[in-house]
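The values are calculated or read from the model by the stated rules, or taken from the named source; none is laboratory data. All values reported here derive from a predicted model rather than from experimental measurement. Every residue, glycine among them, receives a Cβ derived from its backbone with ideal geometry; neighbour counts consider all protein chains shown.
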Amino acid sequence: MFCTYCTPVDNMSVNYLNISVSEKTTPYDLALNVLLRHQIELTKHFINSQQKLYEAYCTSIENMASNYKPVTLEDTKQVRFSRVLFDMLVGC
């Protein structure tokens, strides 16, 4: 197998919701806190989507490797001859 998989971000313990709020919290602090929480969620979503893309890529590579057939010089000559013959029949 070509690929190794990482632990999904959802399984990681990010305990940012239990941050204690002091009595001197300003509205700016609360807005920043909300903004940073949203940024963390966006980052988690991005990492998960990239992981799914990577897994799809690995599956594709594995399928290509298992179905690979080397092209020989004779195969190339046959394809070239077929194209020349087709061009002659069509009258290019």
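Remarks
- Residue in region 17-28 that is at pLDDT 75 or above and in a helix (DSSP H, G or I) present: yes
- Counting the residues of region 49-70 that are among the polar types (S, T, N, Q) and at pLDDT 95 or above gives 3.
- Matching residues, region 29-77, being outside any helix (DSSP H, G or I) and of a type in the set (F, W, Y): Y68
- Selection status of F46, modelled with pLDDT of 85 or more, among the aromatic types (F, W, Y) and either loosely packed, with under 10 Cβ neighbours inside 10 Å or under 14 Å from the mean Cα position of the chain (by Cα) (or both): yes
- Among the residues of region 49-82, those that are surrounded by 10 or more Cβ atoms within 10 Å (Cβ to Cβ) and of a type in the set (D, E, K, R) comprise K52, E55, E62, D75, K77, R80.
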